Amino acid sequence: MSVFDDNDQPLMLADVDFGAPAPAVAAALSGGPDSMALCRLLSQWAAQNDVQIHALTVDHGLRAEAAAEAAQVGQRVKDWPHVRHEVLKLDVPLDDTRVMERARDARYDALAGYCRRHGIEKLFVAHHRDDQAETFLFRLAKGSGLDGLAAMRPESMKAGLRIVRPFLAVSKARLVATCRVLDAPFVEDPTNDDARYARPRLRQSYDVLAAEGLTSKRLAVTAARLGRARDALEHYAATAFQKYLREKNVGKVVLDYAGLQSEPAEIRLRVLIMAMEACAQDSGRYGSRREKIEELADALFGKEKFRRQTLGGCIFTHSGDIIIERENA
């Protein structure tokens, strides 16, 4: 299925590739048209392949009526073959200035925790082409580079869980049509139109942007092209990391400075990020912003003598080789 596809007809099971069957998979189910279409099609796929679908609805605790709404979602899918519905209750602080970001992180933590407890390795989510375009615009407004603007991947790993997005090339209109044809009743989340949050405010500009040619389809196509470029850069950076790696132990990575210096700046930057991830792999991911890593790379490969620096829980020194050590090693 291509992001260039303008098909607005309902999806059928034959239109979607859910991959190889497993004894059990999970699906994030909010009750909106995108996730209801996903769960309905997964139910059909599961019936053909004897797969148990764990449909997971997250109650973030942000609205008083959310608990009742989550229970209603369960009622809508209770008779679907091979679907087991569960509600995961969270408690996200309302006074947090980053409440939506905190809610998203807490949601994925809860989903990953459930999947670990039940031996599930794959979580399906219903992000679609409009979501991809929205993510592109949101990250553009935040000044993201190529990786951020490439937006969401069809598959990614988070907390040891494989997250699969089979609808990234599908418009929301097509998913709504799917729900209507497959008798999958849905509701819209009121927070999707709440102007207190950044993404709903961004959606208000869609008509103006589309009139100038910046449709969700065109933005998603741009994100897909940037995704190909990101994948190519990651490939060459991984090759360079192995080529210039002198030592790799728990909490320590040593790189050949002269060799790495000969590479383009973008490859050098990505190799440093890989080294930081390797140092932090058994103690949680580092949390440095891209700008900080760029500043460190500029200093490390600049003309001035490099002085020892600490960034993201890693200590950087340069004495012929580049030595990166975890701060608490």
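Coordinate-derived values only; no laboratory data. All values derive from a computational prediction rather than experimental measurement. Positions of Cβ are generated from backbone atoms using ideal geometry, with glycine treated the same way; all protein chains shown enter the neighbour counts.
Among the aspartates and glutamates, which have Cα under 17 Å from the Cα of residue 142 when same-chain residues fewer than 8 positions away are ignored?
Residue 142 reaches 101, 131, 134, 291, 294.
Tell me, 276, 157 in order of fewest to most beta-carbon neighbours within 10 Å?
157, 276
Please identify the longest segment of the chain free of exposed GluC sites (Glu not before Pro), where exposed means a DSSP state other than H, G, I, E or B and no more than 15 other Cβ atoms within 10 Å.
Longest gap between qualifying sites, sites excluded: 213-303.
Which entries in the list 122/252; 78/122; 158/292; 89/158; 158/248 go over 26 Å, if you measure between the two C-alpha atoms of each?
Among 122/252; 78/122; 158/292; 89/158; 158/248, the Cα-Cα distance tops 26 Å for 122/252.
Test of understanding: ordering 156, 43 by Cβ neighbours within 10 Å, fewest first, what list do you get?
Listed from fewest to most nearby Cβ atoms, that is 156, 43.
Which cross-chain or sequence-distant (5 or more) residues have an amide H under 5 Å from the amide H of residue 124, H modelled 1.01 Å from N in plane?
Here 26, 27, 28, 164 satisfy the definition.
Using the count of nearby Cβ atoms within 10 Å as a rough guide to exposure, how do 179, 279 rank from fewest to most?
Starting with the residue having the fewest Cβ neighbours, the order is 179, 279.
What percent does the relative contact order of the chain come to when contacts are Cα pairs within less than 8 Å and at least six residues apart?
16 percent
Quick one: which residues, 5+ away or cross-chain, put their amide H under 5 Å from the amide H of residue 246? H built at 1.01 Å from N.
254, 255, 256
Once amide H atoms are placed 1.01 Å from N in the peptide plane, what residues at a sequence separation of 5 or more from residue 309, or on another chain, have their amide H within under 5 Å of its amide H?
Amide H to amide H, under 5 Å and 5 or more residues apart or across chains, residue 309 pairs with 316.
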